[in-house]
Amino acid sequence: MSELVRLSFSLDATLEAKLEELRTRRRYSNRSELLRDLIRDQLVEEVWEEDREAVGTVTLVFDHHAHGLHEKLTDLQHEHHDVILATTHVHLDHHLCAEVILCRGRSSLIRSIADQLRQQKGVLHGSLSVSSTGAELR
Ligand code: NI
């Protein structure tokens with residue numbers, strides 16, 4: 001980590017109150033840590049907007065009895081073996097499974113893989129969590 005720099009800046013009172021509400025709601029012990037995370041979130045958002053190398057996690061919940069679904073999901077993951085770093089499969093109950101698929105690659109490709117996976121018949125829910133390789137956060 002580089003050296004700490006102390007900043008001083010002005011906010012109008014309404015915005016300052018909203019910042020304080022946000023800090024309380026998100027349970028940050030101080031504003032500095034909240035502001036650091038907000039800046040990092042913005043930097044990660046830019047990575048995804050600019051189609052740079054990113055890290056993303058796809059979560060799927062699906063019915064493992066759905067005809068051919070398991071094979072289709074596995075086929076799609078093999079097609080993108082260069083992007084998919086790891087997959088964890090858990091059995092939620094007698095019928096339902098969850099998979100968490102960790103990806104690293106161009107953000108547009110990760111988004112496309114997530115869309116293809118979640119659109120398969122029998123997938124009850126799919127979500128994409130966006131993050132970063134960390135390169136732009138240091
Ligand atoms: Ni299962």
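The values are calculated or read from the model by the stated rules, or taken from the named source; none is laboratory data. Keep in mind it's a predicted model, so treat the numbers as computed, not measured. Virtual Cβ from ideal backbone geometry, glycine too; neighbours counted across all protein chains shown. What goes into the accessible areas is simple: the full protein's heavy atoms, side chains included, and nothing from ligands, DNA or RNA. Shrake-Rupley method; radii C 1.70, N 1.55, O 1.52, S 1.80 Å.
Residues checked against (1) on the phi < 0 side of the Ramachandran plot; (2) away from the ligand (no atom under 12 Å from the Cβ); (3) assigned by TED's automatic domain parsing to the domain that holds residue 45; (4) among the polar types (S, T, N, Q):
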position: 62; (1), (2), (3), (4): yes, no, no, no
position: 67; (1), (2), (3), (4): yes, yes, no, no
position: 73; (1), (2), (3), (4): yes, no, no, no
position: 89; (1), (2), (3), (4): yes, no, no, no
position: 103; (1), (2), (3), (4): yes, yes, no, no
position: 108; (1), (2), (3), (4): yes, yes, no, yes
position: 118; (1), (2), (3), (4): yes, yes, no, no
position: 123; (1), (2), (3), (4): yes, yes, no, no
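Is one or more of the residues making up segment 61-84 open to solvent by less than 80 Å² (accessible area, probe 1.4 Å), polar (S, T, N, Q) and closer than 20 Å to residue 102 by Cα? Yes, some residue in segment 61-84 is open to solvent by less than 80 Å² (accessible area, probe 1.4 Å), polar (S, T, N, Q) and closer than 20 Å to residue 102 by Cα. Only residues that are more than 13 Å from residue 57 (Cα to Cα) and either open to solvent by 20 Å² or more (accessible area, probe 1.4 Å) or among the polar types (S, T, N, Q) (or both) were counted across segment 90-105, and they come to 7.
Taking segment 82-138, which residues are charged (D, E, K, R) and touching a strand residue (DSSP E or B) at 6+ places or on another chain (Cβ under 9 Å)? Talk me through it step by step, then tell me what you get.
The initial filter retains those residues of segment 82-138 that are charged (D, E, K, R), namely 82, 93, 99, 104, 106, 111, 115, 118, 121, 136, 138.
Selection gives 82, 99, 104, 106, 111, 115, 118.
Contact map, segment 87-101: first residue under 15 Å from residue 124 (Cα atoms), second residue within 7 Å of the ligand (Cβ to nearest atom) and not in a strand (DSSP E or B), Cβ cut-off under 6 Å, separation 6 or more or different chains; pairs are 97/64.
Taken over segment 51-81, the criterion of being touching a strand residue (DSSP E or B) at 6+ places or on another chain (Cβ under 8 Å) and farther than 17 Å from residue 120 by Cα is satisfied by 51, 52, 53, 54, 55, 56, 57.
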